[in-house]
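Some notes on the structure that comes next.
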Amino acid sequence: MARRSFDFLLLAAGLLALAAPAVPAQQPVRGDDDSVSTAGDSASGAGRRGPPPVDSLVNALTLRSLGPAVTSGRIVDVAIPDDEAGRRLGRLGKVMYVASATGGLWKTVNGGTTWEPVFQNESTVSLGDVAVAPSNPNLVWVGTGEANSQRSASWGDGVYKSENGGKTWTHMGLRTSQHIGRILVHPTDPQTVFVAAVGPLWADGGERGLFRTKDGGKTWENVLEISEHTGVTDVAMDPSNPDVLYAAAYQRQRKSYSYVGGGPESGIWKSIDGGTTWSRLTEGLPDADMGRIGLDVSQSQPRTVYAVIEARGNAGGVYRSDDYGASWRQTSRLTSIPWYFGQIRVDPNDPERVYHLGVSLQMSEDGGRTFRSIGGGIHADNHAMWIDPTDSQHLVVGNDGGLYFSYDGGGAWDFVPNLPVAQFYAVGVDMREPYYYVYGGLQDNNSWGAPSQTRTRAGITNSDWIRVTGGDGFYAAVDPTNPNIVYAESQNGGIVRFDVATGERKTIKPVPKPGQPNYRWNWSSPILISRHDPATIYFGANYLFRSPDRGDSWSRLGGDLTRHLDRDTLPLMGRRWGPDAVARHEGTAEYGNISVIDESPRVPGLLWVGTDDGLVQLSRDTGRTWTKFERFPGVPDLAYVSRVSASPSADGTAYVAFDRHRANDFKPYLFKTTDFGRTWTSIVGNLPASGPVYAILEHPQNPNLLFAGTEFGLFASLDAGRAWVRFTRDFPTVPVHDLVI
């Protein structure tokens with residue numbers, strides 16, 4: 001059903017937002033000299049004629065969060081000042097800093113009742129760690145770039161320092177570290193700080209190792225430099241002697257096609273002179289290649305050190321030393337996707353009580369020999385934990401679902417619902433009146449839908465949200481003629497058809513015939529309802545599938561639309577790795593698949609697809625024949641196609657965005673064709689030089705009005721991509737993954 005106005009929706013990491021009113025359909029805004037206004041134009045001046053500058057028009061759009069609060073998102077670290085007032089009360093935690101994977105830093109001063117974002121407008125909001133100086137609760141350090149080697153990990157630009165409890169921040173260097181695993185501030189000398197820099201995930205080199213400053217961050221020294229492939233992911237200090245340090249070296253690299261999460265350079269190191277010199281610890285540790293390692297030192301018995309180690313074969317698990325790291329013994333074998341976690345904590349008051357953070361939260365009360373789950377009632381995939389040194393029953397845990405508190409040692413948990421850091425990947429809408437529904441898929445938090453507005457004063461509440469399907473939620477598409485029919489997908493092609501009215505879910509995933517090879521699915525496999533027939537659905541693996549009956553049957557449109565590359569022949573860290581490499585291919589979809597699909601709103605059967613290995617393909621006859629495009633001006637081979645968007649205004653016009661951050665190339669690549677792909681023109685314009693484009697959309701009533709979602713925010717152009725303006729009004733520096741008008 002047509003509307004007289006349009007709502008503009010975007011999905012960002014940590015934010016599902018709606019902007020209104022829409023910019024009116026019009027030609028580019030021009031001044032008296034007939035030149036396009038830019039963000040630098042001034043709206044002031046006596047006697048000035050003409051319209052306001054473009055940035056004023058763009059930032060007249062107001063955005064409101066739609067939620068949900070039924071789930072939060074990935075928390076990577078928690079820091080709580082150890083102040084004397086809290087100790088006198090017998091419990092700390094009134095003031096708390098919480099770092100999220102892509103939603104910045106949040107602070108509470110009332111124990112979690114309310115939260116304030118204190119790091120959301122900096123150049124990046126992907127965080128790896130937060131630390132408060134033990135000698136000064138107002139001195140806070142943040143390390144940017146998530147330390148988890150996720151397929152969806154965002155990157156950072158070094159470390160920041162605040163001297164006023166998060167009110168203002170100063171960048172303190174290490175710009176090319178990209179991923180920070182831990183920050184450790186000296187207990188009595190706040191000028192001395194250690195930073196565990198994991199280094200670039202997608203390439204060699206960068207600032208990686210253990211960095212030390214003795215002047216509050218003015219200068220840095222790499223005191224544990226190993227190689228271009230190996231950084232440091234964790235560092236721990238002896239509480240009785242700050243000159244004694246333990247560091248975990250981590251060799252790893254990810255590409256779009258594969259991942260290796262370990263090697264011979266991973267290991268545990270020790271310093272007894274404040275980090276100036278180091279010795280590698282080996283006695284009792286695995287002889288095999290190791291991967292990610294997490295460390296903790298007992299506060300009550302400093303000779304006892306624990307490590308959780310990923311290693312080849314059965315060598316991984318929990319290790320313990322009772323002689324300051326001189327010798328180790330394996331206390332238990334734990335297999336829980338260690339490349340994604342690698343965290344262990346010791347009760348500050350009991351050296352025998354140990355917590356392992358994995359898919360589930362586990363506790364040992366016998367020094368790591370046996371573990372039991374205490375994570376009942378909380379989300380899976382745990383990354384952060386704080387134990388109150390004044391009350392060991394008081395726990396704070398962060399995981400993929402958000403933040404949780406326990407006051408009885410993990411017997412019962414309180415969920416913190418007011419941290420809006422969920423990571424949305426895709427958005428869909430229905431066409432019901434008067435309040436249409438919005439659907440989205442979240443990282444490890446299912447797919448959900450809710451009305452864009454309600455008639456109640458309370459607005460959109462948790463009870464208004466509908467769970468569509470489980471797993472990692474991605475694409476959601478709604479039948480435009482029947483709002484009860486919703487298609488949603490979880491990882492690796494797990495598509496379902498959901499009936500909103502009855503709650504029925506039917507799996508409709510295409511499967512190969514017996515004897516045929518498995519299809520290769522993207523982690524986020526694209527779904528498209530035909531713009532011309534709501535019963536027709538398109539779905540992408542390495543083939544494009546078409547269903548004429550809402551997923552009850554499928555046919556393949558042509559052959560394999562990818563490059564057919566064997567990922568086992570492609571290098572990581574300068575070499576090929578065998579099948580026994582640590583964490584080989586972990587968290588990586590089968591390489592060579594369709595990443596995006598679109599159909600012309602004007603011409604039935606005019607189909608565009610893009611692949612994860614750099615191909616764009618066009619069919620003008622519903623998939624019977626295809627034209628392949630594999631060369632684009634200035635774009636290296638194998639560039640991930642993040643978006644293909646067919647124009648609603650011209651048959652031969654389409655937009656293509658490439659995302660090469662998985663090759664450590666963070667430039668935007670954005671193109672337009674007006675002749676069915678025969679020629680391509682860059683419309684990057686003045687987009688920032690660092691910030692891949694994830695989504696591009698043309699307004700349905702004005703071909704000159706474009707919107708682009710990038711890693712570092714949302715942009716609009718009123719002149720068909722020659723110049724871009726960033727949305728800055730109440731909108732943080734978050735990745736924008738999807739757009740719908």
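The values are calculated or read from the model by the stated rules, or taken from the named source; none is laboratory data. Remember, it's a predicted structure, so these values are computed and weren't measured experimentally. Here the Cβ positions follow ideal geometry from the backbone for every residue, glycine too, while neighbour counts run over all protein chains shown. In case anyone asks, the SASA skips ligands and DNA or RNA and just uses the protein heavy atoms, side chains included. Shrake-Rupley method; radii C 1.70, N 1.55, O 1.52, S 1.80 Å.
Within the stretch 98-130, the residues that satisfy the criterion of being buried (at least 24 other Cβ atoms within 10 Å of the Cβ) and either closer than 24 Å to P239 by Cβ or charged (D, E, K, R) (or both) are V98, A99, G128, D129, V130. You will find that of R280, R292, the residue that is outside any loop (DSSP other than H, G, I, E, B), charged (D, E, K, R) and in contact (Cβ under 8 Å) with a residue 60 or more places away in the chain is R292 and no other. Considering the stretch 618-653, and only residues there that are assigned to a strand (DSSP E or B) and β-branched (V, I, T), the residue that is surrounded by the most Cβ atoms within 10 Å (Cβ to Cβ) turns out to be V641.
Summed over the stretch 376-434, the residues that are hydroxyl-bearing (S, T, Y) and under 27 Å from D499 (Cα atoms) give a count of 1. When A720, A689 are screened for being under 27 Å from A153 (Cα atoms) and aliphatic (A, V, I, L, M), only A689 passes. Evaluating F676 against the criteria (1) over 20 Å from M573 (Cα atoms); (2) among the aromatic types (F, W, Y); (3) under 25 Å from the mean Cα position of the chain (by Cα); (4) surrounded by fewer than 22 Cβ atoms within 10 Å (Cβ to Cβ) leaves one unmet condition, (3). All of (1) assigned to a loop (DSSP other than H, G, I, E, B); (2) over 18 Å from Y538 (Cα atoms) hold for T481 with one exception: (2). With respect to (1) open to solvent by 20 Å² or more (accessible area, probe 1.4 Å); (2) under 30 Å from V582 (Cβ atoms); (3) outside any loop (DSSP other than H, G, I, E, B), the lone exception for P137 is condition (2). Taking V70, is it modelled with pLDDT of 85 or more, surrounded by 18 or more Cβ atoms within 10 Å (Cβ to Cβ) and either assigned to a strand (DSSP E or B) or among the acidic types (D, E) (or both)? So V70 does not fit the description; no.
Listed here are the residues, each with its yes/no results for (1) within 27 Å of the chain's Cα centre (by Cα); (2) under 21 Å from G93 (Cβ atoms).
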{"residue": "Y404", "(1), (2)": "yes, yes"}
{"residue": "G410", "(1), (2)": "no, yes"}
{"residue": "D414", "(1), (2)": "yes, yes"}
{"residue": "V421", "(1), (2)": "yes, yes"}
{"residue": "V427", "(1), (2)": "yes, no"}
{"residue": "D430", "(1), (2)": "yes, no"}
{"residue": "Q443", "(1), (2)": "yes, no"}
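Restricted to the stretch 568-588, and to residues there that are of a type in the set (A, V, I, L, M) and part of a loop (DSSP other than H, G, I, E, B), the residue that is surrounded by the fewest Cβ atoms within 10 Å (Cβ to Cβ) is L570.
Checked against the criterion of being in a loop (DSSP other than H, G, I, E, B), over 22 Å from Y425 (Cα atoms) and touching a residue at least 24 places away in the same chain (Cβ under 8 Å), the stretch 485-507 has no qualifying residue.
Contact map, the stretch 94-116: first residue under 19 Å from D82 (Cβ atoms), second residue among the charged types (D, E, K, R) and modelled with pLDDT of 95 or more, Cβ cut-off under 6 Å, separation 6 or more or different chains; pairs are Y97/K107; A99/D77; K107/E116. Within the stretch 447-493, the residues that satisfy the criterion of being within 17 Å of T507 (Cα to Cα), touching a strand residue (DSSP E or B) at 6+ places or on another chain (Cβ under 9 Å) and among the polar types (S, T, N, Q) are S447, T469, N484, S490.
For every residue, the table says whether it meets (1) within 29 Å of the chain's Cα centre (by Cα); (2) modelled with pLDDT of 95 or more; (3) of a type in the set (A, V, I, L, M).
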residue: Y591; (1), (2), (3): yes, yes, no
residue: S595; (1), (2), (3): yes, yes, no
residue: D598; (1), (2), (3): yes, yes, no
residue: R602; (1), (2), (3): no, yes, no
residue: G605; (1), (2), (3): no, yes, no
residue: L618; (1), (2), (3): no, yes, yes
residue: T627; (1), (2), (3): no, yes, no
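Does the stretch 512-546 hold any residues that are open to solvent by 60 Å² or more (accessible area, probe 1.4 Å) and of a type in the set (F, W, Y), and which are they? Once the filter is applied, which keeps residues that are open to solvent by 60 Å² or more (accessible area, probe 1.4 Å) and of a type in the set (F, W, Y), the stretch 512-546 yields nothing. Scanning the stretch 428-460 for residues that are acidic (D, E) and more than 29 Å from Y340 (Cα to Cα) returns D430, E433.
With respect to (1) outside any loop (DSSP other than H, G, I, E, B); (2) open to solvent by 10 Å² or more (accessible area, probe 1.4 Å); (3) modelled with pLDDT of 85 or more; (4) of a type outside the set (F, W, Y), the lone exception for R87 is condition (3). Set side by side, the residues N136, N148 differ, and just one is over 23 Å from D391 (Cβ atoms), polar (S, T, N, Q) and in contact with a helix residue (DSSP H, G or I) (Cβ under 7 Å, 6 or more places away or on another chain), which is N148. Restricting the stretch 197-255 to residues that are in contact with a His (Cβ under 7 Å, 6 or more places away or on another chain) and closer than 25 Å to P187 by Cβ leaves a set whose member that is surrounded by the fewest Cβ atoms within 10 Å (Cβ to Cβ) is P242. Exactly one residue among D580, D533 is modelled with pLDDT of 95 or more, over 20 Å from L615 (Cβ atoms) and out of contact with any strand residue (DSSP E or B) (no Cβ under 9 Å at 6 or more places or on another chain), and that residue is D533. Within the stretch 256-273, track down each residue that is in a loop (DSSP other than H, G, I, E, B), open to solvent by 10 Å² or more (accessible area, probe 1.4 Å) and under 20 Å from E225 (Cβ atoms). If the condition is that a residue be in a loop (DSSP other than H, G, I, E, B), open to solvent by 10 Å² or more (accessible area, probe 1.4 Å) and under 20 Å from E225 (Cβ atoms), then P264, E265, I272, D273 are the ones that fit. Consider the stretch 445-471 and keep the residues that are under 22 Å from T502 (Cβ atoms) and of a type in the set (G, A, S). The one that is farthest from the chain's Cα centre (by Cα) is S463.
Of the strands (runs of 3 or more DSSP E) contained entirely in the stretch 395-475, those carrying at least 1 residues that are open to solvent by 40 Å² or more (accessible area, probe 1.4 Å) fall at 414-416, 424-429, 437-442, 466-469.
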